[in-house]
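Worksheet for the structure shown next.
All of the numbers you see were taken from the coordinates with simple rules; none came from a lab. Because the structure is predicted, anything quoted here is derived from the model rather than measured. As a convention, Cβ positions derive from the backbone with ideal geometry for all residues, glycine included, and neighbour counts pool all protein chains shown.
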């Protein structure tokens, strides 16, 4: 299993746990996501730490208005519309 994970990480260095799990399933290796996480930490500990330390926080907008309900913000998250 470690060799297969190493193979994926050589081609796609920023691959996540779920994609690795799908790749292993495609190769006929059935494992839990927890085991994939543990194996990835053993195979690529620096990469896991680098991705964990990245700041992926959403930057919030600051609005200043004179009165309440004076400005509305529309979220353009279209995937929620059915």
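Quick look at the numbers
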| item | result |
| --- | --- |
| Sorted by Cβ neighbour density within 10 Å, fewest at the top, the residues 5, 29, 74 | 74, 29, 5 |
| Inter-site label distance for residue 64 and residue 22 at 7 Å from Cα along Cβ, in nm | 4.6 nm |
| Helix 2-11 vs. the chain, principal-axis angle (Cα, 0 to 90°, nearest 10) | 50 degrees |
| Proxy reagent accessibility, fewest Cβ within 10 Å first, across 64, 2 | 64, 2 |
| Whole-number percent relative contact order across the chain, with pairs defined as alpha carbons under 8 Å at least 6 apart | 24 percent |
| Residues 67, 12 arranged by fewest to most Cβ contacts within 10 Å | 67, 12 |
| Spin-label model distance (nm) - residue 57 vs residue 3, 7 Å beyond Cα toward Cβ | 4.4 nm |
